[in-house]
Amino acid sequence: MACKNCDSKAKLYKELDALIQEHKGSREALMPVMQGAQGLFGYLPKDVQILIAEGLDLKLSDVYGVATFYSQFTLEPQGENVISVCMGTACYVKGAQLVLDELKKELKVSEGKTTPDGKFTLNATRCLGACGLAPVMMINDEVYGRLSANMIPGIIAKY
Amino acid sequence: METFRSHVMICGGTGCHSSGSGDLIKAFEEQIKGNGLDKEVKVVRTGCFGLCEVGPIVVIYPEGAFYSRVKAEDVKEIVEEHLLKGRIVKHLLYHDSINENSGDIKSLNEVNFYKKQKRIALKNCGIIDPENIDEYLAFDGYKALTKVLTEMTPEEVIKTVKDSGLRGRGGAGFPTGLKWDFCYKAKGDKKYVLCNADEGDPGAFMDRSVLEGDPLAVIEAMTIAGYAIGSDQGFIYVRAEYPIAVQRLQHAIKQAREYGLLGKNILETGFDFDLEVRLGAGAFVCGEETALMRSIEGKRGEPRPRPPFPANQGLFEKPTLLNNVETYANITQIILNGADWFSAIGTEKSKGTKVFALGGKINNTGLVEIPMGMTLREVLFDVGGGIPNGKKFKAAQTGGPSGGCIPTSKLDIPIDYDSLVSIGSMMGSGGLIVMDEDNCMVDIARFFMEFIVEESCGKCAPCRIGTKRMKEILDRIVAGKGVEGDIEKLEELGNMLKESALCGLGQTAPNPVLSTIRYFRDEYEAHIKDKRCPAGVCKGLMRYTIIADKCKSCGICAKNCPVSCISGEKKVPYVIDQDKCIKCGQCMEKCPFGAIELK
Ligand SMILES: Cc1cc2nc3c(=O)[nH]c(=O)nc-3n(C[C@H](O)[C@H](O)[C@H](O)COP(=O)(O)O)c2cc1C
Ligand code: FES
């Protein structure tokens, strides 16, 4: 069987190249390019960082410096489903910590990490703008509100 | 424009969207079509109505019927009864929108939640379709820019903003007109107009709602600012976590360009101005002005000392004007209605209104806009509807990680910049989180300090190390390991940090700790001296104990204890050695008789 995976990989690199070409040599475009690259690959592997640095005429340390400064950028692949528990103030005072603790227990992973089977990544984020439904979490694009710890196993089972 | 006899306004803000308003829009459209009403009734997806607690919200005009917590199953009934037969479906209305005596429905302005509000920045939110520039134009959109470009000099624009008394809504409250004047007077071949939409307060969403509900108001105001200071290029720096806001902004910019309201030769007056959206990437410090500019330049968002101030040397070292989203959202109204109209609202030193995101232990969570000078009590109990479940109010937090907690004794303080600072908090950008008797103030202080430690950029030592030391002390206290002198140490470190940190992040970071010590010192002492958390929140201070009466001496708890701190023998109740216990909770989970409690 021809490597389907390699084909789609090659396509990603082609898109990355187009993105870099569009902004060639422009330092101020670094963040938009990195955001675009993360959109393509899901994270920023080292070879992608190198390509970006070369394309925008920067040092690799510049790219790495930006990647590690901003919490949105990740250097590790993300799980199939990304869980973001809101730890904003409104959610926190309504018991978001208990929800997060339950998820850690249920999935047996710590915050910011991915389960060994690659199925879930567990993140804590800030206000999702749905404080009226606090405490809130998102799994991929789906929002779950008015949570309590005992609802967690049922929700996880759906994925 | 086509005319319709009824408009169904469905909230498409983040709160209602999360509670399912997307499906409602589809359901309404289907039902309306199915009943052949699609030429008579228009469905509009609007921005936030403010009352997120009871979302999804649907308002039907001309009657102004306010339906709350609407489900897809309700749509058929609303369409067939209300839209087809003209009979309002009363049992689905928001409970406070029916007059108890007469049974008539109240207009929105009479509903308690809205009665004391005054909407300037949120004027169009919930009223227009934010993705349709024609609706913005129909509600006085671009009248202010037309007036500015055809009738006013830049000096006159700046004077109007100065006279209005408007102060920045991003937190610090710097007079807006003065800032515009500095930028106008700054020398430079190129100048920039920036909008701070980074909204860093981790429990607030005012700016997001303005951008989602009325993006063109911000775009128009930035164009006016460009004319006033002599700039032809602007950037809006938005948090990447706000996908709906970003998409609506981009759409609005595109429409404005198509209508000749952005770009070259705007309104045929020879004035050029264009805008770009830049996404942040999750760094609180990028809300600080110098850090934000570095971030737009594509660098690590670290702040730098001022002076030079951005008005003289900002983005790409050029003179730069930076204002907050809500600050801009007031501008068009000030230009159209005049400085006197605006300065008549509010208090002597704080003019106009302020938008707050009400959250936490309060009945009406959501977005409110109130005139400055209203007391905190009115905001929480009249507009906010008080504390749920009959619990007692304990504190309100304003200003997020830079602000403080306000106790019951200060509830009658008027909300304005200076009063809030005088009691150790600050206006901040508009987060207003309410806490009740079940919240632990030491835990809240620790929560904010943890946030700051994560977000400190690490450039200056006082902030990088000082906040970490403060957090360690707080961690110790909530774990039941606090020692005599910890409170004093926190105060000393906090005051030192205030004076020595490089930027506003570090300078204000001790506020949540200092203000809780100021008003809730007894709670700190209970944690340290009595090893007790009065609110029952801090796990480290709770103990697992075996209830002798219920214990059947089966030994399952002892077998499961990972540190072997439970002992006992047959027929005698088991006991937990509190000194060795690591509070993992295994024993309680495994006990078949429910004989272990946590208190
Ligand atoms: C750590 C820190 C975070 C800030 N975050 C924000 C923010 O999220 N939004 C904002 O408008 N201003 C924020 N500010 C204030 C800005 O530096 C700046 O004063 C403001 O955007 C100016 O606009 P204004 O005069 O219209 O308020 C922050 C300041 C500091 C020190
Ligand atoms: S604090 Fe969690 S949604 Fe706002």
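The values are calculated or read from the model by the stated rules, or taken from the named source; none is laboratory data. Quick caveat, the model's predicted, so the values are computed rather than measured. No Cβ is skipped: glycine too gets one built from the backbone with ideal geometry, and neighbour counts run over all protein chains shown. Accessible surface is based on the protein model in full, side chains and every heavy atom, while ligands, DNA and RNA are left aside. Shrake-Rupley method; radii C 1.70, N 1.55, O 1.52, S 1.80 Å.
Rolling a 1.4 angstrom probe over the range B:52-112 with all protein chains present gives an accessible area of which 46% lies on carbon and sulfur atoms. At a probe radius of 1.4 angstrom, the accessible area of the range B:476-599 per residue rounds to 55 square angstrom.
Shown for the range B:344-389: residues covered by the partner protein chains by 40 Å² or more of accessible area relative to the chain by itself (probe radius 1.4 Å), namely B:G360.
State the antiparallel share, in %, of DSSP beta bridges confined to the protein assembly as shown, rounding to the nearest 5.
55
For the range B:86-103, the Karplus equation 6.51 cos²θ - 1.76 cosθ + 1.60, evaluated at θ = phi - 60°, returns couplings of x, 10, 5, 7, 4, 6, 9, 6, 4, 4, 8, 9, 10, 6, 4, 6, 8, x Hz by residue, with Gly and Pro reported as x. Classify the range B:6-111 as rounded, prolate or oblate from the Cα gyration tensor: take a ≥ b ≥ c as the square roots of its eigenvalues, call it rounded if a/c is under 1.5, otherwise prolate when a/b beats b/c and oblate if not. Here the range B:6-111 falls in the oblate category. Show the residues, 5+ positions off or on another chain, whose built amide H is closer than 5 Å to the amide H of B:I128. Under 5 Å from the amide H of B:I128: B:G47.
For the range B:543-598, the number of Lys pairs with C-alpha atoms closer than 13 Å, counting only pairs eight or more positions apart or on separate chains, is 4. With protein chains left intact and a 1.4 Å probe, residues in the range A:6-69 average 51 Å² of accessible area per residue. Compared with its chain on its own, the range B:7-22 contains the following residues whose accessible area drops by 10 Å² or more in the full protein assembly (probe 1.4 Å; ligands, DNA and RNA excluded): B:T14, B:G15, B:S18, B:S19. Note: relative contact order over the range B:441-529, using C-alpha pairs below 8 Å and six or more positions apart, is 39 percent.
Near B:F235, the amide H atoms lying under 5 Å from its own belong to B:V193, B:L194, B:C195, B:E276; only residues 5 or more places off or on other chains count, and H is placed 1.01 Å from N.
For B:R167, the residues whose modelled amide H falls within less than 5 Å of its own, excluding neighbours fewer than 5 places apart on the same chain, are B:T176, B:K351.
Computed on chain A, with alpha-carbon pairs under 8 angstrom and 6+ residues apart, the relative contact order is 19 percent.
Legend: residues in the range A:39-81 shielded by at least 30 square angstrom of accessible surface upon adding the remaining protein chains to the isolated chain (1.4 Å probe, heavy atoms) are A:F69, A:Y70, A:S71, A:Q72. Ligands, DNA and RNA left out, the 1.4 Å accessible surface of the range A:6-69 is 54% carbon and sulfur atoms. Nearest 0.05, what FRET efficiency do B:E258 and B:H7 give at R0 = 25 Å with Cβ-Cβ as r? Approximately 0.50, to the nearest 0.05. In the range A:81-157, Cα pairs under 8 Å separated by at least six residues give a relative contact order of 41 percent. Distance between the C-alpha centres of the range B:123-146 and the range B:392-420: 34 Å, rounded to the whole angstrom. Kindly identify the range B:487-599 as rounded, prolate or oblate by the Cα gyration tensor criterion: order the square roots of the eigenvalues as a ≥ b ≥ c, call it rounded if a/c is under 1.5, otherwise compare a/b with b/c, prolate if a/b is larger, else oblate. Prolate. In the structure shown, do any of B:K42/B:K361; B:K116/B:K349; B:K42/B:K351; B:K349/B:K392; B:K147/B:K264 have a Cα-Cα gap over 28 Å, and if so which? Over 28 Å apart, Cα to Cα: B:K42/B:K361; B:K42/B:K351; B:K349/B:K392. In order along the range B:247-263, the phi-based Karplus estimate (6.51 cos²θ - 1.76 cosθ + 1.60, θ = phi - 60°) of 3J(HN,Hα) comes to 5, 5, 4, 5, 5, 5, 5, 4, 5, 4, 5, 4, 8, x, 9, 9, x Hz; Gly and Pro are listed as x.
Using only the Cα atoms of chain B, build the gyration tensor, take square roots of its eigenvalues as a ≥ b ≥ c, and label the shape rounded, prolate or oblate: rounded if a/c is under 1.5, else prolate if a/b is larger than b/c, else oblate. Verdict is oblate for chain B.
DSSP loop GluC sites (Glu not before Pro) in the range B:318-383 with at most 14 other Cβ atoms within 10 Å of their Cβ, which ones?
Details: sites: B:E326, B:E348, B:E369, B:E378; in loops: B:E348.
Counting only loop positions with at most 14 other Cβ atoms within 10 Å, the GluC sites (Glu not before Pro) in the range B:318-383 are B:E348.
Computed from protein heavy atoms with a 1.4 Å probe, the total accessible area buried between A and B is close to 3300 Å². Each residue of the range B:353-364 was assigned a 3J(HN,Hα) from its phi angle through the Karplus curve 6.51 cos²θ - 1.76 cosθ + 1.60 (θ = phi - 60°); the sequence is 10, 9, 8, 10, 9, 7, x, x, 7, 9, 5, 8 Hz, with glycine and proline shown as x. Carbon-plus-sulfur accessible fraction, the range B:158-197 (probe radius 1.4 Å, protein heavy atoms only): 58%.
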